[in-house]
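Each remark here refers to the structure printed beneath this line.
The values are calculated or read from the model by the stated rules, or taken from the named source; none is laboratory data. Keep in mind that what you see is a predicted model, and the values were worked out from it rather than measured. Here the Cβ positions follow ideal geometry from the backbone for every residue, glycine too, while neighbour counts run over all protein chains shown. Accessible surface areas use protein heavy atoms only, side chains included; no ligands, DNA or RNA. Shrake-Rupley method; radii C 1.70, N 1.55, O 1.52, S 1.80 Å.
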Amino acid sequence: MRKTKIIMGMPITIHIEDCDDTHIFNDVFNYLKDIDQVFSTYKKNSLISKINNGLQQEYWPRQVRQIFSLAKKTKKETNGFFNINHNGNIDPSGIVKGYAIYQASKLIKNAGYKNYFVDGSGDIQAMGGAKQNKYQYWLIGIRNPFEINSIVKNFKLRNKGIATSGSYIRGDHIYNPKTNNVIKEIVSLTVIGPNVYEADRFATAAFAMGRGGINFIENKKSLEGYMIDENKISTLTTGLGKYEVN
Amino acid sequence: MKKFFVSVAILVVFFVYSIGIRHQRPRIAKPSNLSRQTTSSFSANPSSLTYSSSQKTNSSNESNTTNPTTTGYKNGTYTGSVADAYYGQVQVQAVINNNKITNLKFLSYPNSHPASVYINQQAIPYLKQETIQSQNANVQIISGATFTSEAFIQSLTNALSKAHA
(Lines give C-alpha, C1' and ligand atoms only; values in the text may rest on other atoms or scores of the structure.)
Protein backbone atom coordinates (compact mmCIF):
# COMPACT_ATOMS: atom_id res chain seq x y z
CA MET A 1 0.00 0.00 0.00
CA ARG A 2 1.15 3.51 -0.79
CA LYS A 3 -0.04 6.80 0.69
CA THR A 4 1.05 10.40 0.19
CA LYS A 5 0.32 13.38 2.41
CA ILE A 6 1.59 16.93 2.41
CA ILE A 7 3.30 17.56 5.73
CA MET A 8 6.13 19.99 6.52
CA GLY A 9 5.33 21.71 3.25
CA MET A 10 6.22 18.75 1.10
CA PRO A 11 4.69 15.55 -0.21
CA ILE A 12 5.64 12.60 1.97
CA THR A 13 5.06 9.15 0.56
CA ILE A 14 5.00 5.94 2.54
CA HIS A 15 5.00 2.66 0.67
CA ILE A 16 4.84 -0.66 2.51
CA GLU A 17 4.84 -3.91 0.55
CA ASP A 18 2.15 -6.46 1.44
CA CYS A 19 0.42 -4.17 3.93
CA ASP A 20 -3.29 -3.37 4.00
CA ASP A 21 -3.33 -1.88 7.49
CA THR A 22 -3.96 1.87 7.38
CA HIS A 23 -3.14 2.29 11.09
CA ILE A 24 0.60 2.26 10.59
CA PHE A 25 0.29 4.89 7.85
CA ASN A 26 -1.79 7.13 10.13
CA ASP A 27 0.65 6.65 13.02
CA VAL A 28 3.59 7.70 10.90
CA PHE A 29 1.81 10.68 9.34
CA ASN A 30 0.71 11.80 12.82
CA TYR A 31 4.28 11.53 14.08
CA LEU A 32 5.47 13.72 11.21
CA LYS A 33 2.72 16.27 11.89
CA ASP A 34 3.87 16.44 15.53
CA ILE A 35 7.45 17.07 14.41
CA ASP A 36 6.22 19.83 12.11
CA GLN A 37 4.25 21.37 14.98
CA VAL A 38 7.47 21.67 16.98
CA PHE A 39 10.00 22.59 14.30
CA SER A 40 8.17 24.51 11.60
CA THR A 41 9.56 27.98 11.11
CA TYR A 42 6.43 28.83 9.13
CA LYS A 43 4.06 28.21 12.04
CA LYS A 44 3.89 31.14 14.47
CA ASN A 45 2.97 28.94 17.41
CA SER A 46 5.67 26.31 16.83
CA LEU A 47 8.33 25.90 19.46
CA ILE A 48 11.02 27.03 17.05
CA SER A 49 9.14 30.26 16.41
CA LYS A 50 8.78 30.76 20.16
CA ILE A 51 12.48 30.10 20.65
CA ASN A 52 13.28 32.63 17.94
CA ASN A 53 11.04 35.06 19.80
CA GLY A 54 13.09 34.59 22.95
CA LEU A 55 11.67 31.55 24.77
CA GLN A 56 14.01 30.79 27.67
CA GLN A 57 16.23 27.73 27.34
CA GLU A 58 14.76 26.07 30.43
CA TYR A 59 11.45 25.67 28.56
CA TRP A 60 12.97 23.89 25.58
CA PRO A 61 11.78 20.27 25.37
CA ARG A 62 14.21 17.38 25.12
CA GLN A 63 13.41 16.82 21.45
CA VAL A 64 14.48 20.37 20.58
CA ARG A 65 17.68 20.10 22.61
CA GLN A 66 18.46 16.84 20.82
CA ILE A 67 18.01 18.39 17.37
CA PHE A 68 20.18 21.35 18.36
CA SER A 69 22.89 19.04 19.59
CA LEU A 70 22.74 17.01 16.34
CA ALA A 71 23.03 20.25 14.38
CA LYS A 72 26.00 21.32 16.46
CA LYS A 73 27.68 17.96 15.89
CA THR A 74 27.04 18.23 12.16
CA LYS A 75 28.45 21.75 12.05
CA LYS A 76 31.64 20.45 13.64
CA GLU A 77 31.86 17.43 11.33
CA THR A 78 31.49 19.62 8.25
CA ASN A 79 33.98 22.33 9.22
CA GLY A 80 31.19 24.82 9.75
CA PHE A 81 29.48 24.28 6.41
CA PHE A 82 26.34 23.08 8.10
CA ASN A 83 24.79 25.87 10.11
CA ILE A 84 21.25 26.25 11.43
CA ASN A 85 21.77 29.88 12.48
CA HIS A 86 20.68 32.27 9.78
CA ASN A 87 20.60 36.02 10.27
CA GLY A 88 20.15 35.66 14.01
CA ASN A 89 17.36 33.12 13.67
CA ILE A 90 17.47 29.38 14.18
CA ASP A 91 16.20 27.32 11.25
CA PRO A 92 16.81 23.63 11.91
CA SER A 93 14.86 22.37 8.87
CA GLY A 94 18.15 21.27 7.24
CA ILE A 95 18.51 18.58 9.88
CA VAL A 96 14.90 17.98 10.93
CA LYS A 97 13.79 16.59 7.58
CA GLY A 98 16.28 13.73 7.38
CA TYR A 99 15.86 13.06 11.10
CA ALA A 100 12.06 12.90 10.82
CA ILE A 101 12.07 10.58 7.81
CA TYR A 102 14.53 8.27 9.55
CA GLN A 103 12.45 8.21 12.76
CA ALA A 104 9.30 7.56 10.69
CA SER A 105 11.11 4.64 9.06
CA LYS A 106 11.94 3.24 12.49
CA LEU A 107 8.25 3.34 13.48
CA ILE A 108 7.41 1.16 10.47
CA LYS A 109 10.27 -1.21 11.24
CA ASN A 110 9.14 -1.54 14.87
CA ALA A 111 5.66 -2.41 13.63
CA GLY A 112 7.26 -5.45 11.98
CA TYR A 113 7.57 -4.45 8.34
CA LYS A 114 10.70 -5.18 6.34
CA ASN A 115 10.05 -3.99 2.81
CA TYR A 116 9.08 -0.36 2.61
CA PHE A 117 10.26 3.16 1.92
CA VAL A 118 9.57 6.62 3.29
CA ASP A 119 10.08 9.37 0.74
CA GLY A 120 10.09 12.97 1.94
CA SER A 121 10.18 14.82 -1.33
CA GLY A 122 13.20 12.99 -2.69
CA ASP A 123 14.96 12.22 0.58
CA ILE A 124 14.38 8.51 1.01
CA GLN A 125 14.86 5.71 3.52
CA ALA A 126 14.63 2.50 1.48
CA MET A 127 14.30 -0.70 3.50
CA GLY A 128 14.35 -4.23 2.13
CA GLY A 129 13.14 -4.30 -1.44
CA ALA A 130 10.20 -3.99 -3.78
CA LYS A 131 8.00 -6.99 -4.38
CA GLN A 132 8.61 -6.65 -8.13
CA ASN A 133 12.36 -6.91 -7.41
CA LYS A 134 11.83 -10.08 -5.38
CA TYR A 135 12.25 -7.98 -2.21
CA GLN A 136 15.94 -7.53 -2.97
CA TYR A 137 16.19 -3.78 -3.59
CA TRP A 138 14.44 -0.57 -4.51
CA LEU A 139 15.21 1.04 -7.85
CA ILE A 140 15.75 4.77 -7.31
CA GLY A 141 16.23 7.33 -10.06
CA ILE A 142 18.01 10.67 -9.78
CA ARG A 143 16.07 13.53 -11.29
CA ASN A 144 17.71 15.44 -14.12
CA PRO A 145 18.20 18.96 -12.72
CA PHE A 146 18.00 20.42 -16.22
CA GLU A 147 14.87 18.57 -17.21
CA ILE A 148 12.55 17.81 -14.33
CA ASN A 149 10.71 14.99 -16.08
CA SER A 150 13.76 12.87 -16.89
CA ILE A 151 16.13 10.73 -14.88
CA VAL A 152 19.91 10.67 -15.21
CA LYS A 153 21.05 7.83 -12.99
CA ASN A 154 19.54 4.74 -11.41
CA PHE A 155 20.62 3.15 -8.15
CA LYS A 156 19.71 -0.13 -6.49
CA LEU A 157 19.37 0.40 -2.77
CA ARG A 158 18.63 -1.91 0.13
CA ASN A 159 18.53 -0.68 3.75
CA LYS A 160 20.05 2.66 2.80
CA GLY A 161 19.21 6.32 2.86
CA ILE A 162 19.53 8.67 -0.08
CA ALA A 163 19.14 12.45 -0.28
CA THR A 164 19.64 15.03 -2.98
CA SER A 165 20.44 18.67 -2.44
CA GLY A 166 19.95 20.98 -5.34
CA SER A 167 19.36 24.48 -6.47
CA TYR A 168 17.02 23.78 -9.34
CA ILE A 169 13.60 23.44 -7.78
CA ARG A 170 13.41 26.55 -5.63
CA GLY A 171 16.02 28.46 -7.55
CA ASP A 172 19.33 29.09 -5.84
CA HIS A 173 18.73 28.35 -2.21
CA ILE A 174 21.85 26.96 -0.67
CA TYR A 175 24.45 29.41 0.54
CA ASN A 176 28.00 28.93 1.56
CA PRO A 177 27.59 29.94 5.22
CA LYS A 178 31.18 31.14 5.36
CA THR A 179 30.97 33.61 2.48
CA ASN A 180 27.20 34.03 2.16
CA ASN A 181 27.57 33.41 -1.57
CA VAL A 182 24.97 31.41 -3.44
CA ILE A 183 26.30 28.10 -4.72
CA LYS A 184 26.07 28.23 -8.51
CA GLU A 185 28.73 25.90 -9.89
CA ILE A 186 26.94 22.71 -8.90
CA VAL A 187 23.25 22.08 -9.38
CA SER A 188 22.61 18.70 -7.76
CA LEU A 189 24.38 16.57 -5.18
CA THR A 190 23.08 13.16 -4.19
CA VAL A 191 24.41 11.31 -1.16
CA ILE A 192 23.83 7.65 -0.34
CA GLY A 193 24.46 6.67 3.28
CA PRO A 194 23.57 4.13 5.97
CA ASN A 195 20.34 6.05 6.57
CA VAL A 196 18.50 9.10 5.27
CA TYR A 197 19.50 11.22 8.27
CA GLU A 198 23.18 10.79 7.47
CA ALA A 199 22.59 11.21 3.73
CA ASP A 200 20.50 14.36 4.14
CA ARG A 201 22.69 16.30 6.55
CA PHE A 202 25.86 15.60 4.59
CA ALA A 203 24.19 16.31 1.23
CA THR A 204 23.17 19.74 2.52
CA ALA A 205 26.61 20.52 3.94
CA ALA A 206 28.55 19.16 0.95
CA PHE A 207 26.39 21.15 -1.45
CA ALA A 208 27.32 24.31 0.44
CA MET A 209 30.99 23.46 -0.20
CA GLY A 210 30.46 23.83 -3.94
CA ARG A 211 32.73 21.76 -6.17
CA GLY A 212 34.79 20.55 -3.24
CA GLY A 213 31.74 18.89 -1.69
CA ILE A 214 32.12 15.68 -3.66
CA ASN A 215 35.66 15.30 -2.30
CA PHE A 216 34.30 15.72 1.22
CA ILE A 217 31.85 12.86 0.53
CA GLU A 218 34.66 10.79 -1.03
CA ASN A 219 36.56 11.07 2.22
CA LYS A 220 33.63 9.85 4.33
CA LYS A 221 33.81 6.09 4.53
CA SER A 222 30.12 5.36 4.89
CA LEU A 223 28.96 7.77 2.19
CA GLU A 224 28.92 7.81 -1.60
CA GLY A 225 28.04 10.79 -3.75
CA TYR A 226 26.89 11.84 -7.19
CA MET A 227 27.32 15.47 -8.20
CA ILE A 228 26.03 17.29 -11.28
CA ASP A 229 27.62 20.61 -12.18
CA GLU A 230 26.35 23.55 -14.20
CA ASN A 231 27.90 22.12 -17.39
CA LYS A 232 25.89 18.88 -17.13
CA ILE A 233 28.98 16.93 -16.09
CA SER A 234 28.52 14.47 -13.27
CA THR A 235 31.20 13.41 -10.79
CA LEU A 236 31.00 10.06 -9.00
CA THR A 237 32.72 8.96 -5.81
CA THR A 238 34.90 5.88 -6.21
CA GLY A 239 32.59 3.51 -4.32
CA LEU A 240 29.38 4.54 -6.07
CA GLY A 241 29.63 1.72 -8.60
CA LYS A 242 28.20 -0.86 -6.20
CA TYR A 243 24.82 0.92 -6.28
CA GLU A 244 24.80 1.86 -9.95
CA VAL A 245 22.43 0.32 -12.46
CA ASN A 246 23.68 0.49 -16.04
CA MET B 1 94.35 -10.05 -4.98
CA LYS B 2 91.48 -11.65 -6.88
CA LYS B 3 89.33 -11.56 -3.73
CA PHE B 4 90.07 -7.89 -3.37
CA PHE B 5 88.89 -7.11 -6.92
CA VAL B 6 85.73 -9.16 -6.47
CA SER B 7 84.84 -7.39 -3.21
CA VAL B 8 85.52 -3.97 -4.76
CA ALA B 9 83.32 -4.89 -7.73
CA ILE B 10 80.48 -5.92 -5.39
CA LEU B 11 80.82 -2.65 -3.46
CA VAL B 12 80.67 -0.64 -6.69
CA VAL B 13 77.54 -2.49 -7.80
CA PHE B 14 75.87 -1.81 -4.46
CA PHE B 15 76.85 1.84 -4.56
CA VAL B 16 75.38 2.36 -8.05
CA TYR B 17 72.24 0.43 -7.04
CA SER B 18 71.76 2.54 -3.92
CA ILE B 19 72.03 5.76 -5.92
CA GLY B 20 69.38 4.45 -8.27
CA ILE B 21 67.04 3.65 -5.37
CA ARG B 22 67.55 6.99 -3.73
CA HIS B 23 66.57 8.93 -6.80
CA GLN B 24 63.31 7.19 -7.40
CA ARG B 25 60.39 9.27 -6.17
CA PRO B 26 57.17 7.74 -4.99
CA ARG B 27 54.69 7.62 -7.80
CA ILE B 28 50.98 7.73 -7.49
CA ALA B 29 49.17 5.76 -10.11
CA LYS B 30 46.55 7.56 -12.13
CA PRO B 31 43.34 5.66 -12.63
CA SER B 32 42.75 4.75 -16.23
CA ASN B 33 39.18 5.98 -16.30
CA LEU B 34 40.28 9.55 -15.88
CA SER B 35 38.77 11.59 -18.61
CA ARG B 36 38.51 15.12 -17.38
CA GLN B 37 40.10 17.30 -14.84
CA THR B 38 38.53 17.17 -11.44
CA THR B 39 38.59 19.02 -8.15
CA SER B 40 37.90 22.53 -7.21
CA SER B 41 38.77 25.69 -8.96
CA PHE B 42 38.75 29.05 -7.39
CA SER B 43 38.82 32.62 -8.47
CA ALA B 44 41.41 35.26 -7.99
CA ASN B 45 41.05 38.93 -8.64
CA PRO B 46 40.22 40.24 -11.17
CA SER B 47 37.06 38.27 -10.84
CA SER B 48 36.92 36.91 -14.38
CA LEU B 49 40.28 35.30 -13.93
CA THR B 50 40.22 31.74 -12.72
CA TYR B 51 42.93 29.36 -11.85
CA SER B 52 42.38 25.65 -11.73
CA SER B 53 44.10 23.70 -9.00
CA SER B 54 43.49 20.38 -10.64
CA GLN B 55 45.88 18.15 -12.46
CA LYS B 56 45.63 18.57 -16.15
CA THR B 57 45.16 15.56 -18.29
CA ASN B 58 44.22 17.11 -21.57
CA SER B 59 47.21 18.44 -23.37
CA SER B 60 44.88 20.71 -25.28
CA ASN B 61 44.08 22.66 -22.12
CA GLU B 62 45.64 26.04 -21.94
CA SER B 63 48.41 26.69 -19.55
CA ASN B 64 47.52 27.69 -16.02
CA THR B 65 49.97 30.42 -15.58
CA THR B 66 49.63 32.33 -18.80
CA ASN B 67 46.20 33.47 -19.64
CA PRO B 68 46.12 35.24 -22.98
CA THR B 69 42.83 36.98 -23.19
CA THR B 70 41.28 39.81 -25.03
CA THR B 71 39.85 41.35 -21.87
CA GLY B 72 41.98 44.11 -20.48
CA TYR B 73 43.57 43.52 -17.09
CA LYS B 74 45.20 46.31 -15.15
CA ASN B 75 48.80 45.79 -14.21
CA GLY B 76 49.34 45.06 -10.59
CA THR B 77 49.31 42.43 -7.87
CA TYR B 78 45.96 40.95 -6.96
CA THR B 79 45.15 38.75 -4.02
CA GLY B 80 42.28 36.29 -4.35
CA SER B 81 39.80 35.57 -1.61
CA VAL B 82 40.48 32.71 0.76
CA ALA B 83 38.77 29.61 -0.58
CA ASP B 84 38.08 26.54 1.46
CA ALA B 85 39.22 23.53 -0.51
CA TYR B 86 38.17 21.24 2.34
CA TYR B 87 41.77 20.05 2.59
CA GLY B 88 42.52 23.49 3.93
CA GLN B 89 42.49 27.11 2.98
CA VAL B 90 43.69 28.15 -0.44
CA GLN B 91 44.57 31.69 -1.39
CA VAL B 92 46.46 32.82 -4.46
CA GLN B 93 48.06 36.03 -5.53
CA ALA B 94 48.42 36.93 -9.19
CA VAL B 95 50.75 39.48 -10.68
CA ILE B 96 49.45 40.98 -13.91
CA ASN B 97 51.75 42.58 -16.40
CA ASN B 98 50.86 43.53 -19.96
CA ASN B 99 47.56 41.71 -19.83
CA LYS B 100 49.16 38.48 -18.68
CA ILE B 101 49.63 36.69 -15.42
CA THR B 102 53.34 36.92 -14.96
CA ASN B 103 53.43 35.36 -11.52
CA LEU B 104 51.07 33.27 -9.45
CA LYS B 105 51.76 32.65 -5.79
CA PHE B 106 50.05 30.42 -3.29
CA LEU B 107 49.68 32.53 -0.16
CA SER B 108 48.07 29.67 1.63
CA TYR B 109 47.96 26.06 0.63
CA PRO B 110 46.62 22.94 2.31
CA ASN B 111 49.66 21.45 3.99
CA SER B 112 48.58 20.71 7.52
CA HIS B 113 49.95 17.19 7.36
CA PRO B 114 53.73 17.07 6.97
CA ALA B 115 53.53 14.33 4.37
CA SER B 116 50.71 15.85 2.42
CA VAL B 117 52.54 18.53 0.51
CA TYR B 118 53.96 16.27 -2.17
CA ILE B 119 50.82 14.17 -2.23
CA ASN B 120 48.70 17.26 -2.61
CA GLN B 121 50.32 18.02 -5.89
CA GLN B 122 49.00 14.82 -7.36
CA ALA B 123 46.50 13.11 -5.23
CA ILE B 124 43.44 15.26 -4.72
CA PRO B 125 41.18 12.35 -5.53
CA TYR B 126 40.57 11.59 -9.15
CA LEU B 127 36.89 10.96 -9.39
CA LYS B 128 35.12 9.50 -12.37
CA GLN B 129 33.24 12.02 -14.46
CA GLU B 130 30.66 11.60 -17.18
CA THR B 131 28.18 13.69 -19.10
CA ILE B 132 24.68 13.16 -17.77
CA GLN B 133 22.36 11.11 -19.94
CA SER B 134 18.71 10.26 -19.68
CA GLN B 135 18.09 6.81 -18.27
CA ASN B 136 15.26 4.37 -18.25
CA ALA B 137 12.64 6.08 -16.13
CA ASN B 138 11.07 2.84 -14.95
CA VAL B 139 12.03 3.38 -11.30
CA GLN B 140 10.13 2.98 -8.06
CA ILE B 141 11.22 6.20 -6.35
CA ILE B 142 12.82 9.44 -7.51
CA SER B 143 15.35 11.48 -5.58
CA GLY B 144 15.77 15.14 -6.41
CA ALA B 145 15.94 18.56 -4.88
CA THR B 146 13.19 19.42 -2.47
CA PHE B 147 9.83 20.49 -3.75
CA THR B 148 8.45 23.18 -1.53
CA SER B 149 4.73 23.26 -1.13
CA GLU B 150 4.82 26.30 -3.38
CA ALA B 151 6.64 24.46 -6.14
CA PHE B 152 4.47 21.47 -5.55
CA ILE B 153 1.27 23.47 -5.86
CA GLN B 154 2.64 25.25 -8.91
CA SER B 155 3.41 21.96 -10.56
CA LEU B 156 0.09 20.53 -9.55
CA THR B 157 -1.74 23.58 -10.92
CA ASN B 158 0.14 23.17 -14.15
CA ALA B 159 -0.71 19.51 -14.33
CA LEU B 160 -4.36 20.30 -13.64
CA SER B 161 -4.48 22.97 -16.32
CA LYS B 162 -3.15 20.40 -18.76
CA ALA B 163 -5.82 18.04 -17.61
CA HIS B 164 -8.35 20.74 -18.49
CA ALA B 165 -7.31 20.97 -22.11
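Details
- Per-selection Kirkwood Rh - segment A:1-141 (Cα, Å, 1 d.p.): 16.4
- In a DSSP loop and with at most 15 other Cβ atoms within 10 Å, the chymotrypsin sites (Phe, Trp or Tyr not before Pro) in segment A:91-138 are A:135.
- Restriction of the trypsin sites (Lys or Arg not before Pro) in segment A:4-95 to DSSP coil positions whose beta-carbon has at most 14 other beta-carbons within 10 angstrom yields A:43, A:44.
- Most mobile of A:145, A:61, A:11 in a GNM of chain A (Cα contacts under 10 Å): A:61
- Other residues lying with their Cβ under 13 Å from the Cβ of residue A:150 contribute a combined charge of +2, Lys and Arg counting +1, Asp and Glu -1.
- Note on chain A: with a GNM built from Cα contacts shorter than 10 Å, the maximum mean-square fluctuation among A:118, A:28, A:196 falls on A:28.
- Estimated FRET transfer efficiency (residue A:132, residue B:130; beta-carbon r; R0 35 Å; 0.05): 0.80
- Viscosity 0.890 mPa s, 25 °C: Kirkwood-radius Stokes-Einstein D of chain A over Cα pairs, µm²/s: 132
- Computed with a 1.4 Å probe over protein heavy atoms only, the accessible surface of segment A:113-165 comes to 36 Å² per residue.
- Solvent-accessible ranking of A:15, A:23, A:86, largest area first, probe 1.4 Å: A:23, A:86, A:15
- Carbon-plus-sulfur accessible fraction, chain A (probe radius 1.4 Å, protein heavy atoms only): 45%.
- Under the membrane-span-like helix rule (DSSP H runs whose alpha carbons stretch at least 15 Å along the helix axis, mean Kyte-Doolittle hydropathy -1.0 or higher), chain A yields A:22-39, A:93-110, A:196-208.
- When chain A is treated as a GNM with alpha-carbon contacts under 10 Å, the residue of A:51, A:140, A:214 showing the greatest mean-square fluctuation is A:51.
- Heavy-atom accessible area buried between chains B and A is around 4000 Å² (1.4 Å probe, both sides summed).
- Extending 7 Å from Cα along the Cβ direction at residue A:72 and again at residue A:86 yields two label points whose distance is 2.2 nm.
- Summed residue charge, Cβ within 10 Å of residue A:131's Cβ, Lys/Arg positive, Asp/Glu negative: -1
- Inter-chain neighbour count for A:137-150: the average number of beta-carbon atoms from partner chains within 10 Å of each residue's beta-carbon is 4.
- Around residue B:132: net Lys/Arg minus Asp/Glu count, Cβ-Cβ under 9 Å: +1
- Counting only Cα atoms, segment A:119-246 measures 48, 32, 25 Å along its principal axes, largest extent leading.
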